[in-house]
Amino acid sequence: MVNPYYKKKEKFNSRRYLYILSLVFLTTGLTILVYVLLPLILWYIYFQPVFAVQNIVNPIPKANIISSSNKEALLTDLNSTPRQKNESDISKYLISIPRLNIENAVVSTIDTNTTKYLVNYGKDNIPGKFGNALIFGHSTLPQFFNAKNYKTIFANIYKLRNGDKIYATVGDSIYLYRVIRSIVVPPSDMSPFEQDYNNSYITLVTCTPPGTLWKRLIVKARFEKTI
């Protein structure tokens, strides 16, 4: 005769589930913390030493006043190519930065959507004219850099060195600029945005450390010649 038996039900182990749940919350919290702090950590470990090597200054000093003879040559060079009938009507132009593999990035003078374009602040101040063309763009952590994505396009401008080339194509004219300095300033410092009419300049502007709005990285380039 077979003896009947009953299987005893396992008790609900609340401690085990609480332990697993606590691990999930702890992992999630640490992930969020690392995501938030990673840009700052990278800034102090990697970016700040790179900037120190470049002898970054703060704030931007006034550019040296060019001589009258150099100014005449510059005027001739800036006017040596056909100009647009009305440059104030130019809504877009292109810039290329060979060191960063950025080629023909679109800069808008009328649209301020930095997810679709680089943005030129001030419609009248564009490359090829005396003054300072301010170009704003997004940055993010360098590992996400994509030269074709305007949300990440300026992630690597910290790599630019003095003498690096920036090409600006405005209509049918191509202008060559060379980087002359890089600086880091707080958002309250407006000195990098001052107009300086002793030459023609391009100023690249983005946020730093990457992925934050803490400070501004400014890269300034000066006109060299018309291509």
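The values are calculated or read from the model by the stated rules, or taken from the named source; none is laboratory data. What you see is a predicted model, and the numbers here were worked out from it, not measured in a lab. Quick reminder, even Gly has a Cβ in these numbers, built from the backbone with ideal geometry, and neighbours come from all protein chains shown. Protein only, heavy atoms only, side chains kept; ligands, DNA and RNA dropped before computing areas. Shrake-Rupley method; radii C 1.70, N 1.55, O 1.52, S 1.80 Å.
Below is a table of values for the structure above.
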read-out	value
Surface share of carbon and sulfur [accessible, 1.4 angstrom probe, percent] for the stretch 88-128	43 percent
Amide H partners (placed H, <5 Å) of Thr140, local residues excluded	Ala155, Gly211
Theoretical gain in end-to-end length, Asp111 to Val24 [0.36 nm per residue, Cα-Cα removed]	26.9 nm
Solvent exposure, largest accessible area first (probe 1.4 Å, DNA, RNA and ligands not counted), of Ser22, Ser108	Ser22, Ser108
Cα centre as origin, Lys/Arg/Asp/Glu Cβ charges: the stretch 180-227 dipole, Debye	140 debye
Low-density loop positions, trypsin sites (Lys or Arg not before Pro), the stretch 118-227 - DSSP coil, at most 16 other Cβ in 10 Å	Lys123, Lys148, Lys151, Arg161
